[in-house]
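Note sheet for the following structure.
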Amino acid sequence: MHLKLKKYLVHSYVNITFWVFFFFLLLFWLLPIIFHILTGSFTFSDIFTGVSSDFITAALGVSLIIVTLFNNTNFRFAMSNGISRKSYWKTRMFLLTAFVLITRIVSFIIKLIEEPYVFAGRGNFIPRVLTTEFSFFSYFNNSTLNFLMSFFLSLLVTLCSIYFFMAFNNFYLMFTKKMRRIIVFAIIALVIAVPFMIGMFFAYLEYMGGNALAVSMGKFILSIFGLNLVKDGMYFNPILFAFDMIIIDIFLAFLSYKFNSKIQVYKD
Amino acid sequence: MKFNFNSAKPIFLQVAEQIEDAIFTGTFKEGSQIPSTTEISKNFQINPATVLKGMNILVDNHLLEKRRGRGTFVSVGAQSKIIKNRQDNFYNDYIVNLVYEAKNLNMDETQIVNLIKRGYES
Amino acid sequence: MIEGIEIKNLVKKFRKDIVLDDISFNIEPEKIYGLLGRNGAGKSTLMNIIADRKFSNHGSVTLDGITIHDNDEQLSRIYLTSEVDVYPDRFKIKDMFSWIADIYKEFDYDLCKKLSSEFKLNEDSKFGNLSTGYNSIVKAIVALCVPADYIFLDEPILGLDAKNRDVFYNALIQTYSDRPRTFVISTHIIEEIANIISDVIVIKDSKVLINDSTESLLKSSYEVTGPAAEVDRYTEGLNIIGSESLGKIKSNYIFGDLNDKPIPDTVTISNIDLQKLFVNLTDRE
């Protein structure tokens, strides 16, 4: 991994994050205040609303996506200063993964700080316990394990989306400016078409074997991801889900590596 | 020094000739330092290696000497060496063409000698 | 192991057109090369492939025997500057310089500062706001200051006025004297650079037409001048690369060997000067 490049990329990512936060503040804090002042409904507490954990989580998320997708200039900078594609990919992969990890940790911590108490019904507020509150499931008997697993799963899922964007970005950069426009349209068309195609698939199953076939296919697909539906609820197997996610993440990372190694520097 | 690099002669030869000329006319005095290859190449925008090659011809002919760490200097006695060399080549450089041209114009030997006398008197 | 960049059997196609047709040649250390050829001859493509920015369809590029592709160490010894902007528009020039200096351990920062002032470059301006001329100047400055051993300059004087071109040539000569390394320069303004380069590579019809020193090129090129009929008769069968006429007087430019024919009295044979030679060599028939 290239140390000097790391410094450069970190500087670039921090810069982008800063600007995203700036615009978020503008949009969700300053502008509402100004609007309230203008309409005469301004109260002192307005200053403290808007900047919440959701705000920070969203801002970090947007930064992450922008940093992943807007990569062309950084790539060219690296290419023109004696850094190989392989080194560039490794450094970027490391930094993005670290960025995701940081985002997730910050998210969790801020939520805890912001709302130390949770409503427990009948006027009672109990302290928010990290381990029970953030567990999405209770697969293990140990609440700490449940929490750790939840955190790990949220990490894997976020990585999945970021690695997907990274693979997409690298794929996109493989082509000339002209082709890129076509690809964007194709992707948009695909994104619109996929739910439609899934719907068609299930409709076809239903046509073939009635409701039962469609439902059992659906159940089967869900079970691959660890989700088992039973009569009055569902069981979730996080280990299986984690396993699937890891495979998907590795596959997406591999794709991004392959695409990255094929990127050429075009004139545009 | 006056370089005319639009001519078709190899540049390193031109460099050698021009420096030799400058020594001959006394522009570069014996024992004094001549401009460095970098200076000359920058001045006339030519390749430094080419300049060096030209200088080396003169070094080989003992007209220039390189002093380590100090630069390139005109050798003592260089001017007289050049004069002697040009005297030796005078016949080939000037006389042959002169006679050829004279013969073409149907001028005989006496006419040429008279012209030479006139040249010395003026 | 041959020192230098070895280009072997390079083929580059663009759709149905062959841009580079089985090109093989070497780039030796510490020489200043001129890369000549008409517009669209493939010079830029060739340099981009050598610098691993674009890929060839076939063939290899090695530096000192080692393939440069995906090799950090070899790649850092090669530098290419071209019209492609590789720096963020929002960067101030001085920040750009310090980032590049950061990446290269031995970036000549002093020379960089010196050249900035010689070119009267405003280091506070943003890269994206530079004029064409100053865009080229910034790239040229970086190219002269990086510690690479093989520097490729694709049309480095694009948009530079006469004074700045002067500054550039002087800076090139000075830095080449101080720290000899290879420069490969492609340009259309042949006249100004003809005497600075020591070697010439000419690309024509997707092939390397010439790869030689300027000295040996001069030795094997001739200008045959005289009455048109006599000149044509004498030069029949020779490699005529161009000609000029003024009334009945004609000059044929020959590249290659002369023949044993006796030279008529009315015909004179002299050498061609470099600029004329290059122009006629690269001219499409």
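Nothing in this text is a laboratory measurement; each read-out follows from the coordinates by a stated rule. It should be emphasised that the depicted structure is a prediction, and the values quoted were computed from it without experimental measurement. Note that we place each Cβ from the backbone using ideal geometry, even for glycine, and neighbour counts take in every protein chain shown.
Measure nothing but the geometry: give the 0 to 90° angle between the long axis through the Cα atoms of C:132-145 and the longest principal axis through the Cα atoms of chain C, rounded to 10°.
Taking Cα atoms only, the helix is inclined about 80 degrees.
Using Cα-Cα distances under 8 Å and only pairs 6 or more residues apart, what relative contact order does chain A have, in percent?
19
By Kyte-Doolittle mean hydropathy of at least 0.5 and Cα axial length of at least 30 Å, which whole DSSP H helices of chain A are selected?
Qualifying helices: A:3-25, A:85-114, A:143-173, A:177-224, A:238-260.
Any chance you could give the angle, 0 to 90 degrees and rounded to 10, that helix C:109-118 forms with the longest Cα principal axis of chain C?
Once rounded, the angle reads 60 degrees.
In peptide C:176-182, what is the residue-averaged number of other protein chain Cβ atoms found within 10 Å of each Cβ? Please report the intermediate quantities before stating the final value.
On the way: counts 5, 11, 2, 0, 2, 0, 0.
For peptide C:176-182, the averaged partner shielding equals 3.
Among C:Ile240, C:Ile193, rank each residue by its count of other Cβ atoms within 10 Å, from fewest to most, as a rough exposure measure.
C:Ile240, C:Ile193
Could you line up B:Val99, C:Val231 from fewest to most neighbouring Cβ atoms inside 10 Å?
The most exposed by this proxy come first: B:Val99, C:Val231.
Using every pair of alpha-carbon atoms in chain A, split the distances into 10 Å bins beginning at 0 and state the percent of pairs per bin, rounded to integers.
That works out to 6, 19, 26, 25, 18, 5, 0, in percent per bin.
If you take the beta carbon distance between C:Glu118 and A:Ala98 as r and set R0 to 45 Å, what does 1/(1 + (r/R0)^6) give as a FRET efficiency, to the nearest 0.05?
With R0 = 45 Å, the Cβ-Cβ based efficiency is 0.60.
Work from the charge dipole of chain C (Cβ charges, +1 for Lys and Arg, -1 for Asp and Glu, about the Cα centre) and give the residue of C:Phe14, C:Leu277, C:Ser117 farthest towards its positive end.
Going by the charge dipole, the pick is C:Phe14.
Using only the alpha-carbon atoms, what does the stretch C:165-274 span along each of its principal axes? Please give whole angstrom values in decreasing order.
Taking max minus min along each principal axis of the Cα atoms, the stretch C:165-274 gives 51, 28, 24 Å.
Please list, by residue number, everything in the stretch A:162-197 whose backbone N is under 16 Å from a paramagnetic label point 7 Å out along Cα→Cβ of A:Tyr204.
It comes to A:193-197, nothing else.
Neighbour counts of other C-beta atoms within 10 Å: give me C:Glu118, B:Glu20 arranged from fewest to most.
On the way: C:Glu118 15, B:Glu20 23.
Fewest-to-most Cβ neighbours within 10 Å comes out as C:Glu118, B:Glu20.
I want to check a number: in the stretch C:144-285, how many lysine pairs have alpha carbons closer than 20 Å, given a sequence separation of 8 or more or different chains? Numbers along the way, then the final one.
Values: C:Lys204/C:Lys276; C:Lys219/C:Lys261; C:Lys219/C:Lys276; C:Lys250/C:Lys261; C:Lys250/C:Lys276.
Taking the stretch C:144-285 as the scope, the lysine pair count is 5.
Assuming 0.36 nm per residue, please report the length gained on full extension of the stretch A:Ile47 to A:Val106 beyond their Cα-Cα distance.
Numbers: separation 59, 0.36 × 59 = 21.24 nm, distance 2.23 nm.
Here the segment from A:Ile47 to A:Val106 would lengthen by 19.0 nm.
Within 10 Å of each Cβ of C:25-32, how many other protein chain Cβ atoms are there on average?
Per-residue shielding by partner chains comes out at 1.
If the viscosity is 1.002 mPa s and the temperature 20 °C, what translational diffusion coefficient in µm²/s does Stokes-Einstein give for the stretch A:153-268 when Rh comes from Kirkwood over Cα pairs?
Details: Rh = 16.9 Å.
D, rounded to a whole number, is 127 µm²/s.
Can you divide the C-alpha Rg of the protein assembly as shown by 2.2 N^0.38 Å and report the result to two decimal places?
Normalised by 2.2 N^0.38 Å, the Cα Rg of the protein assembly as shown equals 1.41.
Dipole magnitude of the stretch C:138-267 about its Cα centre, charges +1 at Lys/Arg Cβ and -1 at Asp/Glu Cβ only, in debye to the nearest 20?
Charge dipole of the stretch C:138-267: 240 debye, to the nearest 20.
If Lys and Arg each add +1 and Asp and Glu each add -1, what is the summed charge of the other residues whose beta carbon sits under 9 Å from the beta carbon of C:Ser116? The partial results should precede the final answer.
Working: positive: C:Lys94, C:Lys113, C:Lys114, C:Lys120; negative: C:Glu118, C:Glu123.
For residues surrounding C:Ser116, the net value is +2.
I'd like the mean, over residues of C:86-95, of how many other protein chain beta carbons sit within 10 Å of each residue's own Cβ.
Per-residue shielding by partner chains comes out at 3.
Once the Cβ-Cβ distance between B:Ile116 and B:Ser80 is put in as r, and R0 is 25 Å, what FRET efficiency do you end up with, to the nearest 0.05?
Working: r = 25 Å, r/R0 = 0.99.
That pair, B:Ile116 with B:Ser80, gives E of 0.50.
Tell me, what is the FRET efficiency for C:Arg233 and C:Arg90 to the nearest 0.05, using R0 = 60 angstrom and their Cβ-Cβ distance as r?
According to the calculation, E is roughly 0.35.
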